[in-house]
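Down below is the structure, laid out as structure tokens.
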Amino acid sequence: MSNWKELIETEHDIAEEIEEQVDEPPRYHVVLLNDDYTPMDFVVEVLRRFFNMNSEKATEIMLTIHYKGKARCGTYSAEIAETKVDQVIRYANEHQHPLQCSMEKA
Ligand code: TYC
């Protein structure tokens, strides 16, 4: 009886050790920043186009940025987050808006 208990406890300890050793890849929040010039409609379009939000969610996040200074738009692997940041900045530049986008470690 006590042998079974010890065996189960050992298995449990080994499983915990393995879990601790398996490092999850780091994740990053993509953040949009407020400014005084980018039109609200353009920010809503960006949130729909690059972050797959519906109009209601995009409007809510845009207003959070407008009133609080910034908001998280999504959380991704490093490569995907970098691509989103590049795409948003390029799209804003193409439309001559100063909209800024950055990433923060999750
Ligand atoms: N503050 C801008 C305005 O009043 C709107 C805005 C919202 C700009 C979010 C950037 O990330 C932003 N037109």
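We did not get these values from a lab; they are worked out from the coordinates using the rules stated. Being a predicted model, the structure only gives us computed values, none of them experimental. Cβ: placed from backbone, ideal geometry, glycine included. Neighbour counts: every protein chain shown.
Remark: pairs (first residue in segment 17-37, outside any strand (DSSP E or B); second residue within 16 Å of the ligand (Cβ to nearest atom); Cβ separation under 6 Å; 6+ apart in sequence or on different chains) = N34/I65; N34/H66; N34/G69; D35/P98; Y37/P98.
Can you find even one residue in segment 39-54 that is at positive phi and either part of a helix (DSSP H, G or I) or out of contact with any helix residue (DSSP H, G or I) (no Cβ under 7 Å at 6 or more places or on another chain) (or both)? Checked against the condition, which is being at positive phi and either part of a helix (DSSP H, G or I) or out of contact with any helix residue (DSSP H, G or I) (no Cβ under 7 Å at 6 or more places or on another chain) (or both), segment 39-54 yields at least one hit.
Looking at Y37, Y91, just one residue is within 12 Å of the ligand (Cβ to nearest atom), out of contact with any Ser or Thr (no Cβ under 6 Å at 6 or more places or on another chain) and among the hydroxyl-bearing types (S, T, Y), and that residue is Y37. Of all residue pairs spaced 6 or more apart or on separate chains, those with beta-carbon atoms under 7 Å, a first member in segment 54-74 that is among the charged types (D, E, K, R) and a second member that is near the ligand (Cβ under 10 Å from one of its atoms) are K70/V31; K70/L32; K70/L33; K70/N34; R72/V31.
Mind listing just one residue for me: the one in segment 68-97 that is of a type outside the set (S, T, N, Q), more than 18 Å from the chain's Cα centre (by Cα) and assigned to a helix (DSSP H, G or I) and, of those, farthest from F51 (Cα to Cα)? Reasoning before the result, please.
Here is the first cut: in segment 68-97, the residues of a type outside the set (S, T, N, Q) are 68-74, 76, 78-82, 84-86, 88-92, 94-95, 97.
Next cut, more than 18 Å from the chain's Cα centre (by Cα) only: 90-92, 94-95, 97.
Next, only the ones that are assigned to a helix (DSSP H, G or I) stay: 90-92, 94.
On the way: R90: 15, Y91: 13, A92: 15, E94: 18 Å.
Among those residues, the one meeting the criterion is E94.
Within segment 77-106, the set of residues being among the small types (G, A, S), surrounded by 12 or more Cβ atoms within 10 Å (Cβ to Cβ) and out of contact with any Gly (no Cβ under 9 Å at 6 or more places or on another chain) comprises S77, A78, A92, S102.
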